[in-house]
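Here's the structure we're looking at; comments come further down.
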Amino acid sequence: MTAAPRARGGEGKAGAGVLALNGVTRRFGEYTAVDNVSVEVGPGELLALVGASGSGKTTTLRIAAGYESPDSGTVTLGGEDITRVPPERRGFGMVFQHYALFPHMPVEENVAFGLEARGVGKSERLEKARAALVSVGLAGAGGRAIQSLSGGEQQRVALARALVIEPRALLLDEPLSNLDPTLRQAMRDDLRAMLRRVGVPALFVTHDQEDAFAIADRIAILKKGKLLQVGTPEELYETPATPEVASFIGRGTMVSATDKGSTATVTIGGRTRELAVKRPQGTPSRYEKAFVVLRPEALELSNQAGDASWPGRVVNRRFAGGVIVYRVELADGIGVDVESASGNAHEDENVGVSPGKGPFPIVPG
Amino acid sequence: MKGAFRRQSFLIALPVILLLLWTVVYPNVAVIVGSFEDGLGHWREFAASPADREALWTSLVISVASVFASLAIGVPLAFLLGRFDFPGRRLLRAVATLPAALPPLVGVIAFLFLYGESGLITRIVQRVLGMSEAPWRLKGVSAIVFVHAYTMYVYVFLFVSAGLERFDATLDEAASGLGASTAQRLRRVTLPLLMPAVAGSALLVFMNALGSFSAPYVFGGGLRVLSTQILASKTNGALGLAYVETTVLTLSAVSGLLLFRWLDRKRKYTLASKGGRKRRVIRSRQVQILTSIGAAVIVIALVLPHLMVVLVSFARDGVWTTQVLPPEYTLENYRRLFSEAELWRPITNSVSMALVATAGNLVVCFLCAYLIVFRKFAGRRLLELLVALPWAIPATAIALGLAATFNRNDLLSARVLLVGTFWILPLAYFIRDIPLVASAVEGSLRQMDASLEDAARGLGASWMLTMRRVILPAARPGLVAGCLLAAVTAVGEFVASVVLYTHANRPISMEILAQLRALAFGTSAAYSVLLILLVLLMTLAARSFEERLA
């Protein structure tokens, strides 16, 4: 990749400004944690920074919050350069990974702390704190001790604390990672609804693509400090820009292909098929070397290996809700997952796998 | 911000570092420089003096012997209390740390009352055996090691007990499942895993014994050790020689420290698990009886010094001569302490000097711990070193350094006249307690989630508000506990005091010694009881604050 792709700003409510990182770089000694990253988050938009650990997503978030300053590049809000503004004067609401609730203060004092820092009188700030607690579904919890709260409740308190200061932007570091799986499912919808209501740019970090899909309007994928691609979940799934994005988002097998522009040919075990392909806007119309991504739901399984299909053998059969997922070994050591509504193939059976009508994602090799 | 933040950290750290360089490092450098004021002359003098060579050798022998004696008592006791259940266990556990509640000088005096030539136990043994003379004399190396073992085994006991508590019971079960016998498990699993605790406590005993002053001073007899030699040389006006002796003592302590570090260097594992091992109930009736009798004997031996000091504090001064127990009892000793100005004076002296010192510890150690735990800046490692340094330097050496540095007004060499004033002792107490208070605060702050400070700033809090509402509350348990313990050690401090005190600001410990020399045993014991009560009170208060932290 030559230039880092640049995100579009969302179209949100008027009045609030766009939060933008412009070509931000942060080095720790020899190590470049964040490498020329540019993203924009519009008012009311939810953008997820997604990547494995060490991808630089948390450092990027901390730069947005002001806890780290970039070696180069700027942070702007509504066009105003805030790169050198310290966190205590940014007016952002931040939810920390482990929530960072003050253990020696009851819930309402935690929530009211930002107002205390702004010199709001005691009765007024506690009143506002209680209202904020109501808005996150914790009415009446104001007097409780932090230690008495469940993980989900702590998360809501942290959110209320970030919201009560009427932040100009919201930043969330792995907001769901400390919740158990069932709670996590429920919290995704709640979180999305609550962030929506605030109407300010919201940037959150996660390593979990399902969290990102469930909450975010757009997703930015980071790897080793570099921004690989930004887009809606659908865009990333249907038209990944790189093999890394393709493998990170959703399942699928990448097979090498000959790129012909709007189609590509794939040869497995001597049988060549021509597939319709699709690539993101702004990328070359033909790749020198290319891979096509064979997603499980874009393949079809037949009991007989006909001319139109690649022959293979079922090595594993797994029930996944409404469909059956078959692991099929094709020729040349290529294995694919195939989703099928009919469950009549069994393990060790010889089958045929044929591509659907596509279009299939194509990425540079 | 990053830059600004670092700059701010540095601006807070700079005065603290300068203060520590001035009060902790500079005096010791002055001593080392002073030892060379005559070229190598004083060093030749030291090397040629049989007394000094004997003192160095005796100091080392006493230290090593104290380590082994403390291990011999502390390790079995920790196993007994940690692994077995028997009648009387809880009582024994409750009194096992009691020797730590004796200020150094008081412990020595208690032993004098018990095991000295006219002591209670000595007299009883003498009567029982029908001897015409005392069966032993509480003098020399063995006497010193005896007292050290009593007061210092507590370190070993506490470290090993803590190690046993964290010991993962499944490791032992795994070993027995693999066919290891009890002895094999002890030798191959339990003891190796407890080595860090054993080594850590052994180092603590070594350092304490090397710097120990009270025991050699009171009943060393003609015996010379380095710490007492230093005071003798200083009193005789042989300052250059005192500087050499101090340098040698400090070097011995530091090499001991490095040696232990080096021996412990290979350790890569820690005992992290929650133990959860059940104590074994002793079933055999005979063993149970034997254990309980043994426990009773130990309990009596541990409590006796405290009881004896309390008893003697009610004895009329000057009447206890050849009897087994003092013949006459009175409240007079206590009444005089509170009513006679000359006797009341040391108490107000000690309390006010301890308060000043502790106030200094409170501010400086809080800042140090905050900087060390939460800030990154050039000089952080230096600050860590400075904070730990007073721990490695024997108190006599610290005191002599202060005497050598703050003995005149000379702003060019950063000297201020403090010797002979009220301020020199609080300064010495302050320096001695820096590691204690700073590590207590560090412990509290390390339990705090570092992102709390970020969270407060992100919510718009200024540095002062963050300090007041977030950092201080988090530091409070350690700060309070550390300061209480610091105040208590300062009130009873003896070793630095004996080098630096003047008649006007004499602390309680010096008055105890003076009364003892005047054979006013009752009065000196009454002071000692006051100190013990103070220690117990403050320790309990400190413990309740530490429990809040948990």
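The values are calculated or read from the model by the stated rules, or taken from the named source; none is laboratory data. Model, not experiment: these values are computed from the prediction. No Cβ is skipped: glycine too gets one built from the backbone with ideal geometry, and neighbour counts run over all protein chains shown.
Within 20 Å of A:Thr242 (Cβ to Cβ) and touching a Gly at 6+ places or on another chain (Cβ under 7 Å): is that true of A:Val351 in this structure?
In short, no.
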State all residues of the range A:102-123 that are free of Cβ contacts under 8 Å to residues at least 24 places away in the same chain, part of a helix (DSSP H, G or I) and over 16 Å from B:Gly460 (Cβ atoms); if no residue qualifies, say none.
A:Lys122, A:Ser123
Criterion (without any contact (Cβ under 8 Å) to a residue 24 or more places away in the chain, acidic (Asp, Glu), closer than 30 Å to A:Tyr31 by Cβ and within 14 Å of chain B (Cβ to nearest Cβ)) met by exactly one of A:Asp71, A:Asp81:
A:Asp81
Within the range B:509-550, of all residues that are touching a Ser or Thr at 6+ places or on another chain (Cβ under 6 Å) and among the β-branched types (Val, Ile, Thr), the one surrounded by the most Cβ atoms within 10 Å (Cβ to Cβ) is B:Ile512
Scanning the range B:462-473 for residues that are aliphatic (A, V, I, L, M) and more than 7 Å from every other protein chain (Cβ to nearest Cβ), the one surrounded by the most Cβ atoms within 10 Å (Cβ to Cβ) turns out to be B:Ile471
Return the pairs, sorted by first residue and then second, in which the second residue is aromatic (Phe, Trp, Tyr) and assigned to a helix (DSSP H, G or I), the first residue lies in the range B:385-400 and is farther than 16 Å from B:Ala209 by Cα, the beta carbons are less than 8 Å apart, and the residues are 6+ apart or on different chains.
B:Leu400/B:Tyr243
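How about the range A:107-121: which of its residues are within 13 Å of B:Arg469 (Cβ to Cβ) and not hydrophobic (A, V, I, L, M, F, W, C)?
Hits for the range A:107-121 are A:Glu109, A:Asn110, A:Gly114, A:Glu116.
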Does the range A:46-56 contain at least one residue that is surrounded by 18 or more Cβ atoms within 10 Å (Cβ to Cβ) and either in contact with a Pro (Cβ under 6 Å, 6 or more places away or on another chain) or within 11 Å of another protein chain (Cβ to nearest Cβ) (or both)?
no
Hits in the range B:393-412 (condition: of a type outside the set (A, V, I, L, M, F, W, C) and in contact with a helix residue (DSSP H, G or I) (Cβ under 9 Å, 6 or more places away or on another chain)):
B:Pro394, B:Thr396, B:Gly401, B:Thr405
Pull up the range B:474-488, narrow it to residues that are within 13 Å of chain A (Cβ to nearest Cβ) and among the hydrophobic types (A, V, I, L, M, F, W, C), then point me to the one that is farthest from the chain's Cα centre (by Cα).
B:Ala474
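Residue by residue through the range B:489-504, note down the ones that are within 23 Å of the chain's Cα centre (by Cα) and either of a type in the set (D, E, K, R) or not in a helix (DSSP H, G or I) (or both).
B:Gly492, B:Glu493, B:Phe494, B:Tyr501
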Can you tell me which of (1) among the aliphatic types (A, V, I, L, M); (2) away from chain B (no Cβ under 14 Å); (3) closer than 29 Å to A:Thr59 by Cβ is the one A:Val157 doesn't meet?
(2)
Restricting to the range B:140-169, count the residues that are farther than 25 Å from B:Ser212 by Cα and without any contact (Cβ under 8 Å) to a residue 60 or more places away in the chain.
1
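Conditions (1) without any contact (Cβ under 8 Å) to a residue 40 or more places away in the chain; (2) of a type outside the set (D, E, K, R), marked per residue:
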residue	(1), (2)
A:Lys260	yes, no
A:Thr265	yes, yes
A:Lys278	no, no
A:Gly282	no, yes
A:Phe291	no, yes
A:Pro296	no, yes
A:Glu300	no, no
A:Val315	yes, yes
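State all residues of the range A:89-101 that are surrounded by 21 or more Cβ atoms within 10 Å (Cβ to Cβ) and within 7 Å of another protein chain (Cβ to nearest Cβ); if no residue qualifies, say none. First the steps, then the outcome.
Filtering the range A:89-101 down to residues surrounded by 21 or more Cβ atoms within 10 Å (Cβ to Cβ) leaves A:90, A:92-96, A:99-101.
Residues satisfying the conditions are A:Phe92, A:Met94, A:Phe96, A:Ala100.
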Among the candidates B:Gly294, B:Gly221, residue that is at pLDDT 75 or above and surrounded by 10 or more Cβ atoms within 10 Å (Cβ to Cβ):
B:Gly294
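Answer with yes or no whether A:Arg130 is more than 12 Å from chain B (Cβ to nearest Cβ), assigned to a helix (DSSP H, G or I) and either surrounded by 20 or more Cβ atoms within 10 Å (Cβ to Cβ) or at positive phi (or both). Walk me through it before giving the result.
Numbers: more than 12 Å from chain B (Cβ to nearest Cβ): yes; assigned to a helix (DSSP H, G or I): yes; either surrounded by 20 or more Cβ atoms within 10 Å (Cβ to Cβ) or at positive phi (or both): yes.
Criteria met by A:Arg130.
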Which numbered condition B:Leu40 misses (of (1) in contact with a Phe, Trp or Tyr (Cβ under 6 Å, 6 or more places away or on another chain); (2) surrounded by fewer than 16 Cβ atoms within 10 Å (Cβ to Cβ); (3) hydrophobic (A, V, I, L, M, F, W, C))
(1)
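Where residues in the range B:416-461 are basic (Lys, Arg) and surrounded by 18 or more Cβ atoms within 10 Å (Cβ to Cβ), which of them is nearest to the other protein chains (Cβ to nearest Cβ)? Don't jump to the end; show me each part of the working.
Looking only at the range B:416-461, we keep the residues that are basic (Lys, Arg), and these are B:432, B:446, B:457.
Within this subset, residues satisfying the condition of being surrounded by 18 or more Cβ atoms within 10 Å (Cβ to Cβ) are B:432, B:457.
Numbers: B:Arg432: 31, B:Arg457: 4 Å.
Among residues in the range B:416-461 that are basic (Lys, Arg) and surrounded by 18 or more Cβ atoms within 10 Å (Cβ to Cβ), the one nearest to the other protein chains (Cβ to nearest Cβ) is B:Arg457.
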Taking the options B:Glu245, B:Glu173, name whichever one is among the acidic types (Asp, Glu) and crowded, with 22+ Cβ neighbours inside 10 Å.
B:Glu245
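Inspect all residues belonging to the range A:133-143 and state whether any of them is β-branched (Val, Ile, Thr), part of a helix (DSSP H, G or I) and at pLDDT 90 or above.
So in the range A:133-143, the residues β-branched (Val, Ile, Thr) come out as A:134, A:136.
From the residues that got through so far, the ones that are part of a helix (DSSP H, G or I) too are A:134.
With the extra rule that they be at pLDDT 90 or above, the set shrinks to A:134.
Checked the range A:133-143: at least one residue is β-branched (Val, Ile, Thr), part of a helix (DSSP H, G or I) and at pLDDT 90 or above.
Look at B:Ala514 and say whether it is of a type in the set (A, V, I, L, M) and in contact (Cβ under 8 Å) with a residue 24 or more places away in the chain.
On the way: of a type in the set (A, V, I, L, M): yes; in contact (Cβ under 8 Å) with a residue 24 or more places away in the chain: no.
The answer is no for B:Ala514.
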For A:Val200, state whether it is more than 14 Å from chain B (Cβ to nearest Cβ), farther than 17 Å from A:Phe96 by Cα, aliphatic (A, V, I, L, M) and out of contact with any Lys or Arg (no Cβ under 8 Å at 6 or more places or on another chain).
no
